[in-house]
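The structure appears below as structure tokens.
The values are calculated or read from the model by the stated rules, or taken from the named source; none is laboratory data. Everything numeric in this text was worked out from a predicted model, so none of it was measured. We place every Cβ from the backbone using ideal geometry, glycine too, and count neighbours over all the protein chains shown. Just so you know, the surface numbers come from the protein's heavy atoms only, side chains and all, with ligands and any DNA or RNA stripped out. Shrake-Rupley method; radii C 1.70, N 1.55, O 1.52, S 1.80 Å.
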Amino acid sequence: MSNTDPFSAIADPNRRFLLEELRRAPRTVNELAEGLPISRPAVSQHLKALLDSNLVSVTSEGTKRIYTVNNRGFDMLNLWLDQFWA
């Protein structure tokens, strides 16, 4: 169950950047940190907020943690937004 409001999670520009990168391909924290002017620990904190809001998911591959977009989390956002266009 999510702890963080997904709208709050995507309000941060760094998190939106992370989501855009993950939309292109699954990535590790190190790969994501290369494109941002913030530290790896800060990227991890942003990813935690996205995980808590169900917008990303993570799997382990050996010692690496691979982050991907969680489409089901976005389905919930879309359902909420769609009510305004009906």
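Per-residue ellipticity at 222 nm, computed for the chain from helices alone with -39500 (n - 2.57) per DSSP H run of at least four residues, works out to -15500 deg cm²/dmol. Angle check, please: helix 71-82 long axis (alpha carbons) against the longest principal axis of the chain (alpha carbons), in degrees 0 to 90, nearest 10. It is inclined by approximately 30 degrees. Evaluated at 10 °C with a viscosity of 1.306 mPa s, what Stokes-Einstein diffusion coefficient in µm²/s does segment 41-86 have when Rh comes from the Kirkwood expression over alpha-carbon pairs? Rounded, D is 134 µm²/s. Among the GluC sites (Glu not before Pro) in the chain, those located in a DSSP loop and surrounded by at most 13 other Cβ atoms within 10 Å of their own Cβ are E34.
Loop-located chymotrypsin sites (Phe, Trp or Tyr not before Pro) across the chain with a Cβ neighbour count of 10 or fewer within 10 Å are F84, W85, with loop assigned by DSSP. Dividing the mean sequence gap of close Cα pairs (under 8 Å, 6+ apart) by how many residues segment 1-63 holds gives a relative contact order of 48 percent.
Only protein heavy atoms count here; under a 1.4 Å probe, I10 has an accessible surface of about 40 Å². Overall, the chain carries a charge dipole of about 220 debye about its Cα centre when +1 sits on the Cβ of Lys and Arg and -1 on the Cβ of Asp and Glu, all other atoms neutral. If you line up the long axis of helix 13-24 against the longest principal axis of the chain, both from Cα atoms, how many degrees apart are they, to the nearest 10? Roughly 80 degrees, rounded to the nearest 10.
Leaving out ligands, DNA and RNA, and with a 1.4 Å probe, what % of the accessible surface on the chain is carbon or sulfur? Result for the chain: 51 percent of the exposed heavy-atom area is carbon or sulfur.
Ranking A9, A25, N54 by Cα position along the charge dipole of the chain, where only Lys, Arg, Asp and Glu carry charges on their C-beta atoms, puts A25 farthest toward the positive end. What the Cα convex hull of the chain gives, in volume per residue, is 101 Å³.
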